[in-house]
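Asks: A single structure is presented below for examination.
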Amino acid sequence: MDYIKVGRLNDFENKDIISYSIMGRFIAVVRQKGEELFAIEAGCKHQRADLTKGKIDGLIVTCPRHHWQYDLATGKCLNHESVDLRRYDLKIENGDIYVSLHPVD
């Protein structure tokens, strides 16, 4: 599987979510309450707005454009019929964060 370096672990000292643009797609790296990190598509399925710029309450994010809501842990849209946000594999090596270029099935 191909990975790309997106950041470092210390980027999350004061943040729980950061959006990265990878090959034209917004990918969010999320830290769950000090736990492990995970990566998920961050472009809203409606008009591709960066969900990390919306309102975030726990792991529920509201799109800043038209208020579609998603569960970041599962990728499920909570208030519209929509396909799920795609999840991406993530690995950490020597403090660097790498995200796969292809979504997890």
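The values are calculated or read from the model by the stated rules, or taken from the named source; none is laboratory data. Quick caveat: nothing in here was measured; it's all calculated off a predicted structure. Cβ atoms come from the backbone with ideal geometry, glycine included; neighbour counts cover every protein chain shown.
Asks: Would you say A42 is of a type in the set (G, A, S), closer than 21 Å to G7 by Cα and in contact with a Ser or Thr (Cβ under 7 Å, 6 or more places away or on another chain)?
Replies: Yes, satisfied.
Asks: Then there's this: Looking only at residues in region 13-38 that are small (G, A, S) and assigned to a loop (DSSP other than H, G, I, E, B), which one is nearest to H102 (Cα to Cα)?
Replies: From region 13-38, those small (G, A, S) are 19, 21, 24, 28, 34; that's our starting set.
Still in the running and assigned to a loop (DSSP other than H, G, I, E, B): 24, 34.
Values: G24: 13, G34: 26 Å.
Per the criteria, the residue is G24.
Asks: Is there any pair linking a residue in region 13-24 that is over 18 Å from Y3 (Cβ atoms) to one that is among the aliphatic types (A, V, I, L, M) and assigned to a strand (DSSP E or B), with Cβ under 7 Å and at least six apart or on different chains, and which?
Replies: Pairs found: D16/V30; I17/A28; I17/V30; I17/I56.
Asks: For region 22-34, what are the residues that are under 23 Å from D105 (Cα atoms) and either at pLDDT below 90 or touching a helix residue (DSSP H, G or I) at 6+ places or on another chain (Cβ under 6 Å) (or both)?
Replies: First, the residues of region 22-34 that are under 23 Å from D105 (Cα atoms): 22-32.
Listed by number, the residues that qualify are I22, M23, G24, R25, F26, A28, R31, Q32.
Asks: Something else now. Counting only residues that are loosely packed, with under 15 Cβ neighbours inside 10 Å and over 15 Å from W68 (Cβ atoms), how many does region 23-53 have?
Replies: The number of residues fulfilling the criteria is 7.
Asks: Being touching a helix residue (DSSP H, G or I) at 6+ places or on another chain (Cβ under 8 Å), surrounded by fewer than 16 Cβ atoms within 10 Å (Cβ to Cβ) and not hydrophobic (A, V, I, L, M, F, W, C) is the filter here; which residues of region 54-95 pass it?
Replies: Once the filter is applied, which keeps residues that are touching a helix residue (DSSP H, G or I) at 6+ places or on another chain (Cβ under 8 Å), surrounded by fewer than 16 Cβ atoms within 10 Å (Cβ to Cβ) and not hydrophobic (A, V, I, L, M, F, W, C), region 54-95 yields P64, G95.
Asks: Among the residues of region 39-81, how many are within 25 Å of I92 (Cβ to Cβ), in a loop (DSSP other than H, G, I, E, B) and in contact (Cβ under 8 Å) with a residue 12 or more places away in the chain?
Replies: 5
Asks: Let me ask something else about it. If I filter region 9-22 down to residues being of a type outside the set (V, I, T), under 13 Å from L90 (Cβ atoms) and in contact with a Gly (Cβ under 8 Å, 6 or more places away or on another chain), which single residue comes out as surrounded by the most Cβ atoms within 10 Å (Cβ to Cβ)?
Replies: Among them, the one singled out is Y20.
Asks: Still on this structure: Scan region 66-104 residue by residue and report those that are closer than 14 Å to E41 by Cα and more than 16 Å from the chain's Cα centre (by Cα).
Replies: S82, the sole residue that qualifies.
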